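Single-structure report; data block below.
The values are calculated or read from the model by the stated rules, or taken from the named source; none is laboratory data. Keep in mind that what you see is a predicted model, and the values were worked out from it rather than measured. FYI the Cβ positions are ideal-geometry reconstructions off the backbone, even for glycines, and counts take in every protein chain you see. For accessibility, only protein heavy atoms count, side chains too; no ligands or nucleic acids. Shrake-Rupley method; radii C 1.70, N 1.55, O 1.52, S 1.80 Å.
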Amino acid sequence: MNGRLAALAQAGVSIWLDDLSRDRIDSGNLAELIDGYSVVGVTTNPTIFAAALAKGDAYTAQLRELGDASTSDAITALCTTDVRNACDLFADTYRATHGFDGRVSIEVEPGLANDTEATIAQAAELHDLVGRENVLIKIPATREGLPAITASIAAGISVNVTLIFSVERYREVMDAYLSGLEQAAAAGRDLSAIHSVASFFVSRVDTEIDKRLAALGRHDLAGKAGVANALVAFGAYQEVFGGGRFRALAAQGANPQRPLWASTGTKDPAYPDTLYVSGLVARGVVNTMPEKTMMAFADHGEVETSIEGRAAEGQSVLDQLTAAGIDLPDVFDTLEAEGVAKFVTSWNELVATVDAALVSARQG
């Protein structure tokens, strides 16, 4: 077992891998990461699936079997197969952690990000198709996504809320989760079986704000926004899930919606490659890392002091950014729109890849 990652896990951080492919499953690599690198979950997204499908021949046999299927149905079959098999690999972890870890995420089609009803329907469909208790359905935290989160939680579906950039939107996400739990309780559902994480993106915040700081000549504030924003978010999490509304639900068996630090690979090579791991340690959080970042931490990462109680410090940095001329609401709106657009682009690439493979399979 890698000592540095084990120390991070001991500090209370759940280590999830931000990558999934059939080759990673079939080769035994994912099992090795579980056994030797303290990995207790996996997240994926359209970009990751597009990359997996575009290389190698791990999907060839199933594509031949799906030769008569529509492209959309083939994508669903390929992705749910990978997620189902990964869920089985994490089954022991899922049971040992009472459902908090051992989780595998699958995302609704990104083109549905602004369609509440279609998102609700596909979340239920993916949940049923994977057919494993430890699956998480990823729903984006767009305006239209919020009621879909509530409806899915109310239906007893565990959710990974993705593409959260601002603390204001994060508060709306937590409210959507609590509303879903309240509806689930009213319907007589077992609240202890419902879990959720809220994926708060980190490095992309620095990338966008650093660009704007450079235009203002304020290099002194560069590289501070991502962690500061996360500090404020963690303070909001402690406030909401330490409050009376959640306590009433917890008395009925409800679980907190854990913060998940996403986009934790460092984009700027000038910054430490473990910046968004070492700097965001707290008990009860998840950090989903690209393999490159995970291995960097395994090699030289240090577990820094917990971020508990540091929300005011983070807010001070955000206030300095505002004073310097950074329009934070515009930053967060831009990042959300770009995030959805990037996933739509990846989805279109995935469609093209699978469509070509199906044509080839029919001809072969």
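Using θ = phi - 60° and the Karplus curve 6.51 cos²θ - 1.76 cosθ + 1.60, what whole-Hz ³J(HN,Hα) does each residue of region 309-317 get, with Gly and Pro shown as x?
x, 10, 4, 5, 4, x, 5, 4, 5
Can you give me the long-range amide H partners of R103? Hydrogens built in the peptide plane at 1.01 Å from N, cutoff under 5 Å, separation of 5 or more residues or another chain.
V42
Apply the Kirkwood formula to the chain: the hydrodynamic radius equals the inverse of the mean of 1/r over all pairs of different alpha-carbon atoms; give it in Å with one decimal. Working shown, then result.
Numbers: mean 1/r = 0.0479 Å⁻¹.
One over the average 1/r among Cα pairs gives 20.9 Å for the chain.
How much net charge surrounds F49 when only other residues with a Cβ under 13 Å from its Cβ are counted (Lys, Arg +1; Asp, Glu -1)?
Working: positive: R22, R24, K55, K138; negative: D18, D19, D23, D82, E107, E109, E349.
Neighbour charge sum, excluding F49 itself: -3.
Which one of S199, N45, Q252 is farthest out on the positive end of the charge dipole of the chain, using unit charges on Cβ (Lys, Arg +1; Asp, Glu -1) and the Cα centre as origin?
Of the candidates, Q252 comes out farthest on the positive side.
Once both labels are modelled 7 Å past Cα along the beta-carbon direction, what's the A248-T207 spacing in nm?
4.2
Among G284, Y59, A155, whose Cα lies farthest out toward the positive end of the dipole of the chain, if unit charges sit on the beta carbon of Lys, Arg (+1) and Asp, Glu (-1)?
G284
Roughly how many Å² is the accessible area per residue of region 41-118, as a whole number, for a 1.4 Å probe? Let's see the in-between values first.
Working: 3220 Å² over 78 residues.
Per residue, region 41-118 has an accessible area of 41 Å².
Going highest first, how would you order 89-100, 153-164 by mean Cβ packing within 10 Å? All intermediate terms of the calculation are to be shown ahead of the outcome.
Details: 89-100: 16.1, 153-164: 24.8.
Those peptides, ordered most packed to least, come out 153-164, 89-100.
With θ taken as phi - 60° and the coefficients 6.51, -1.76 and 1.60, list the Karplus ³J(HN,Hα) couplings across region 201-218 in order, rounded to whole Hz; mark glycine and proline as x.
So the Karplus estimates, Gly and Pro as x, are 7, 10, 5, 5, 5, 4, 4, 6, 6, 4, 4, 6, 5, 4, 5, 8, x, 10 Hz.
Using the Kirkwood radius built from alpha carbon pairs, what does the Stokes-Einstein equation give as D for region 143-248 at 4 °C and 1.567 mPa s, in µm² per second? Mind dumping the intermediate values first?
On the way: Rh = 15.1 Å.
In µm²/s, the coefficient rounds to 86.
How large is ³J(HN,Hα) for each residue in region 334-342, as worked out from phi by the Karplus curve 6.51 cos²θ - 1.76 cosθ + 1.60 (θ = phi - 60°), to whole Hz, x for Gly and Pro?
4, 5, 5, 4, 5, x, 5, 4, 5
Can you tell me what the convex hull of the Cα atoms of region 235-364 projects to on average, as an area in nm²? Write down the numbers at each step before the final one.
Values: hull surface 54.2 nm².
Average of the hull's projected areas for region 235-364 equals 13.5 nm².
Of all the Cα-Cα pairs you can form in region 187-277, what percent are over 17 Å apart? Mind dumping the intermediate values first?
Values: 2394 of 4095 pairs.
Cα-Cα pairs of region 187-277 separated by over 17 Å account for 58 percent.
FRET efficiency for E133 and D319, Cβ-Cβ distance as r, R0 = 45 Å, nearest 0.05? Mind dumping the intermediate values first?
Values: r = 43 Å, r/R0 = 0.96.
My answer for the efficiency is 0.55.
For helix 167-186, report the angle its Cα long axis makes with the longest principal axis of the Cα atoms of the chain; keep it between 0 and 90° and round to the nearest 10°.
That helix lies at roughly 60 degrees to the long axis.
Which whole-number percent is the relative contact order of the chain (Cα, under 8 Å, 6+ apart)? Numbers along the way, then the final one.
Numbers: 641 pairs, mean separation 81.0, N = 364.
It rounds to 22 percent for the chain.
Tell me, in nm to one decimal, what length is gained between R64 and D190 on full extension, where the rule is 0.36 nm per residue of separation less the Cα-Cα distance? Spell out each step's value before the answer.
Values: separation 126, 0.36 × 126 = 45.36 nm, distance 4.11 nm.
Contour length minus Cα-Cα distance gives 41.2 nm.
Just to confirm the number: angle between the C-alpha axis of helix 225-241 and the first principal axis of the chain, 0 to 90 degrees, nearest 10?
Here the helix axis deviates by roughly 90 degrees.
Starting from the Cα-Cα distance between K292 and N29, subtract it from 0.36 nm times their residue separation and give me the gain in nm to one decimal.
Details: separation 263, 0.36 × 263 = 94.68 nm, distance 1.42 nm.
Length gained, K292 through N29: 93.3 nm.
Once amide H atoms are built 1.01 Å from N in the peptide plane, which residues 5 or more positions from L260, or in another chain, come under 5 Å H to H?
Those qualifying (amide H under 5 Å, at least 5 residues apart or on another chain) are A198, S199, F200, V286.
Among 201-211, 325-335, how do they line up by average Cβ neighbours within 10 Å per residue, starting with the highest?
Values: 201-211: 21.3, 325-335: 15.7.
So the peptides 201-211, 325-335, ranked by packing, come out 201-211, 325-335.
Taking the Cα centre as origin and putting +1 on Lys and Arg beta-carbons and -1 on Asp and Glu beta-carbons, what dipole magnitude results for the chain, to the nearest 20 debye? The partial results should precede the final answer.
Values: 28 positive and 48 negative charges, 104 e Å.
For this selection, approximately 500 debye.
How far is helix 145-154 tilted off the main Cα axis of the chain, in degrees rounded to 10, range 0 to 90?
The answer is roughly 70 degrees.
With Cβ to Cβ distances under 14 Å as the rule, what net charge do the other residues near D210 carry (K, R +1; D, E -1)? Before the final figure, lay out the partial values.
Details: positive: R204, K211, R212, R218, K224, K267; negative: D206, E208, D220, D268.
The answer is +2.
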